[in-house]
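Heads up, the thing below is written out as structure tokens.
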Amino acid sequence: YFAKEARSGVEVYVAEKDRNSPERLNLLGDLRRAIGGSELTLHYQPKVGLVTGVVEGVEALLRWRHPVRGLVYPSDFIPLAEQSYLMRELTQHVIDVALEQAAEWWHRGIKVPVAINVSARDLLDPALPDLLEAGLRRLRLPSDAIQLEVTERILMTDQAYTADSVHALVRLGVPLALDDFGTGYSSLVRLQRLPVSEVKIDGSFVQRLGKSRDDERIVRSIVDLVRSLGLRSVAEGVETEEVAACLREMGCDAGQGWWFCEPMSAADVTTWLRERRMAADELPLCESAEVT
Ligand code: C2E
Ligand code: MG
Ligand code: MG
Ligand code: MG
């Protein structure tokens with residue numbers, strides 16, 4: 001048993017280290033064939049207001065139903081794709097699917113912005129704003145019917161706030177969220193200069209609330225900082241009621257995690273949103289996103 005474990009550990013290690021390992025090339029080849037087909041789907045996970053209970057958006061998360069390997073999660077193929085020419089194609093595919101889904105919801109009166117994860121290189125791609133603008137126009141969607149989530153690491157570089165693509169996105173009016181905040185050694189001064197409207201606190205800190213005093217202090221100071229900059233705070237990885245209560249007490253705006261619901265298929269999340277809306281006594285599902 002242990003020998004087997006050890007060997008599979010070595011295999012993973014080799015696959016990550018060697019850019020041309022057969023394992024890696026196989027997976028990339030499979031991914032290339034999967035793009036545009038039915039193996040890749042998006043799941044959606046709501047962001048829920050901690051005080052209001054209002055659904056403020058849903059995040060699109062990529063899933064790959066590999067014919068042999070079964071369900072493959074993004075952490076197993078996004079980093080690979082990011083180092084290849086495939087990432088661009090993959091992102092375009094994700095944007096196409098997410099925009100279609102956003103339009104379906106939006107035009108049926110379910111006005112929840114769909115958050116799309118983009119990787120660093122995508123954000124700097126000069127074609128990205130045009131691609132989004134064309135999609136939004138074709139589907140008759142306002143620019144705040146979507147949102148882009150970008151990890152802290154890229155937005156914190158000088159490159160990011162001098163990039164034409166970032167300025168074009170801001171002009172287009174697509175809101176940006178800083179993802180996985182707390183993991184990238186950001187300076188607070190920089191946060192203030194970035195064109196983001198939302199900061200997502202990384203799940204690794206959130207999950208230890210109530211167990212670790214240090215993480216409690218970190219999360220509290222991020223929440224305070226984000227509020228003082230006039231931005232919204234969203235906590236990732238909220239798994240328990242205790243953690244949700246703790247975040248609410250800190251004044252965190254919204255939460256996302258298994259405590260509210262796991263990422264679900266588009267059909268399941270539609271049902272979830274409907275039932276929730278009915279339970280909320282016909283309250284508007286997403287007040288902040290109502291078009292006026
Ligand atoms: P992320 O954007 O920070 O997404 C949050 C991750 O936390 C997701 O993992 C989600 O399924 C997971 N999660 C949600 N609630 C909980 C919880 O209560 N507890 C715990 N432990 N985890 C929770 P997932 O779906 O495996 O995605 C991992 C990462 O892959 C994402 O992190 C994102 O950076 C990236 N990713 C996902 N989809 C895409 C995509 O379409 N494009 C790009 N470029 N990256 C993507
Ligand atoms: Mg994200
Ligand atoms: Mg995140
Ligand atoms: Mg994360």
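Where a number appears in this text, it was derived from the coordinates with a stated rule and is not lab data. The shown structure was predicted, so the numbers you read here are calculated from the model rather than taken from an experiment. Positions of Cβ are backbone-derived with ideal geometry, glycine not excepted, and every protein chain shown enters the neighbour counts.
Quick rundown of the values:
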| read-out | value |
| --- | --- |
| Potential lengthening between Asn20 and His107 on full extension [0.36 nm per residue; Cα-Cα distance subtracted] | 26.7 nm |
| Amide H contacts of Ile146 (H built 1.01 Å from N, under 5 Å, at least 5 apart or other chain) | Val114 |
| Nonlocal amide H pairs with Asn117, under 5 Å, H built at 1.01 Å | Ala60, Glu149 |
| Exposure proxy ranking, count of Cβ atoms within 10 Å, fewest first, for Lys111, Lys200 | Lys111, Lys200 |
| Ascending count of other beta-carbon atoms within 10 Å, so fewest first, for Leu209, Leu25, Leu194 | Leu25, Leu194, Leu209 |
| Normalised convex hull volume, the chain, alpha-carbon set, Å³ per residue | 158 Å³ |
| GNM result for the chain, Cα springs below 10 Å: residue of Gln147, Gln101, Gln159 fluctuating most strongly | Gln159 |
| Cα gyration tensor, the stretch 39-169 - rounded (a/c under 1.5), prolate or oblate | rounded |
| Choice from Thr271, Thr240, Thr41 with maximal GNM fluctuation in the chain (Cα, 10 Å cutoff) | Thr271 |
| Residues with amide H under 5 Å from that of Ala235, placed H, sequence gap 5 or more | Ile201, Ala254, Gly255, Gln256 |
| Full-extension gain in nm, Glu82 to His167, via 0.36 nm per residue minus C-alpha separation | 28.3 nm |
| Candidates Ala279, Ala244, Ala266, ranked by Gaussian network fluctuation over the chain, Cα under 10 Å, top entry | Ala279 |
| J(HN,Hα) series, the stretch 136-151, from Karplus relation 6.51 cos²θ - 1.76 cosθ + 1.60, nearest Hz, glycine and proline x | 4, 5, 4, 9, 6, 10, x, 5, 8, 7, 10, 8, 10, 10, 10, 5 |
| Burial ordering of Cys252, Cys261, fewest other beta-carbon atoms within 10 Å first | Cys261, Cys252 |
